[in-house]
């Protein structure tokens, strides 16, 4: 048996033992540190929970590989000339001790590999991994997610469906993206392919019921003028969200998502912004609406799908303000930018509309622009308010503009509404006409009332 033990004394096997032992010890130490919250850096997570387990398994594979290579070498005539497999006799106390040790080490290895795999999978599902490991490419999505209504939801809860197939597919897709990040050839800005997104029934509808009756919702939308007093105006919007009531009647905007209503459409562009064909099936039968100027061969090449939540709510967790004006109006209405500062709305918007090569230069230039303006005509006792205005305007920039990714206000179309992007008007154009002459109209009162 001693001769066979010497087979694993080859350089390859010894290297495998060293790699396995070091990675196992380091992993166990780091695992304890992670359990006590001693590290939070996402890059360290990649090393500890992906790289170390991989090295551990590699070391285990090198041990039998080295023994196999050594056996082949000796079998080729190099001394010793031949090696026989060991004869195992558990009645022999020495062999029994070796067998117990091997069994114990094997169990320990299984535990270590299992812990590594579990923590690796868990880490790959974290927001830190998705948003920070690929820091520059995913920064716009991460920042918007942290500011959005789903900030407590993990990325995978919306971007990975249940089941092993979806998990494997998402990780393979993520691997391709990591390679693109490593090569630096990823797109700027990153635009998700709609067909890669998980269906709403597997994501949105786990928490939200499309058939629930919501009635009318009222929203007050503030706007401010570029005047000395930043004159405020309020638009009150009564949204007829609707849904299915207790009588089984479906009304309002959520009529589109009611399970008893089937709305299908064909989009002829990659981002589903051009929709020249719509078919509606409900209690009144089936009706097709087509834009007459679109040739049949173009429709045949387009993507046909059933309408779901994300066809309108396409930026539910990654919304970025459509314009600097809207972002500043919201900040003023929340008290982040003091409305008492003369012309603050105009000056904040002006600073945000400038083009800057980097976030650092933008932060400095925004501060200089606003402070220089008020230095020339300082309002009495407004130093603290000027500082608040500077900080709030800088924060708007940080949340909305990412020069490295060529992302700015309005880069991503938001299909809720129809002011800053086509949204509702992708279908409600008065140009979609059925054979009986009925149109998909633009009657404002169908969806909302305005005061």
### Inter-centroid distance (Cα atoms) of region 179-207 relative to region 285-309, Å
25
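Could the peptides 236-249, 437-450 be put in order, highest first, of the mean number of other beta-carbon atoms found within 10 Å of their residues? Could you put the intermediate results ahead of the total?
Working: 236-249: 14.4, 437-450: 12.5.
Descending packing order for the listed peptides: 236-249, 437-450.
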### Message
Can you give the FRET efficiency to the nearest 0.05 for residue 323 and residue 262, using r as the Cβ-Cβ distance and R₀ = 25 Å?
### Response
0.10
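Between rounded, prolate and oblate, where does region 310-366 land on the alpha carbon gyration tensor, with a ≥ b ≥ c its root eigenvalues, rounded for a/c under 1.5, else prolate if a/b exceeds b/c?
Values: a/c = 2.59, a/b = 1.33, b/c = 1.94.
Oblate.
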### Query
Which angle from 0 to 90°, rounded to the nearest 10, does the C-alpha axis of helix 383-400 make with the longest principal axis of the chain?
60
#### Entry: Theoretical FRET efficiency, 1/(1+(r/R0)^6), r = Cβ-Cβ of residue 166 and residue 207, R0 25 Å, to 0.05
0.85
### Query
What relative contact order, as a whole-number percentage, does the chain give when Cα pairs under 8 Å and 6 or more residues apart are counted?
14
### Spin-label pair residue 419/residue 270, simplified geometry with 7 Å Cα→Cβ offset, distance in nm
3.0
### Task
Taking 7 Å along the Cα-to-C-beta vector as the label spot, tell me the residue 365-residue 89 distance in nanometres, rounded to one decimal.
8.6
### Summary
Scattering profile of the chain from the Debye formula, Cα beads only, expressed as log10 I(q)/I(0) at q = 0.05, 0.06, 0.10 Å⁻¹, is -0.33, -0.45, -0.93
### Query
Could you give the semi-axes, largest first, of the ellipsoid that matches region 226-357, computed as the square roots of 5 times the alpha carbon gyration tensor eigenvalues and rounded to whole Å?
41, 22, 12
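To the nearest 0.05, what FRET efficiency results for residue 220 and residue 175 with a Förster distance of 41 Å applied to their C-beta separation?
Values: r = 47 Å, r/R0 = 1.13.
Result of the calculation: an efficiency of 0.30.
When the chain is fully extended, how far beyond the present Cα-Cα distance does residue 430 get from residue 100, taking 0.36 nm per residue of separation? Before the final figure, lay out each step's value.
On the way: separation 330, 0.36 × 330 = 118.80 nm, distance 8.03 nm.
Extending this stretch completely gives an extra 110.8 nm.
Read the figures in this text as sums done on the coordinates, not as results from a lab. Note that the coordinates shown come from a computational prediction; the quantities given were computed from them, not determined experimentally. Don't worry about glycine lacking a Cβ; one is built from the backbone with ideal geometry, like all the others, and counts go over all protein chains shown.
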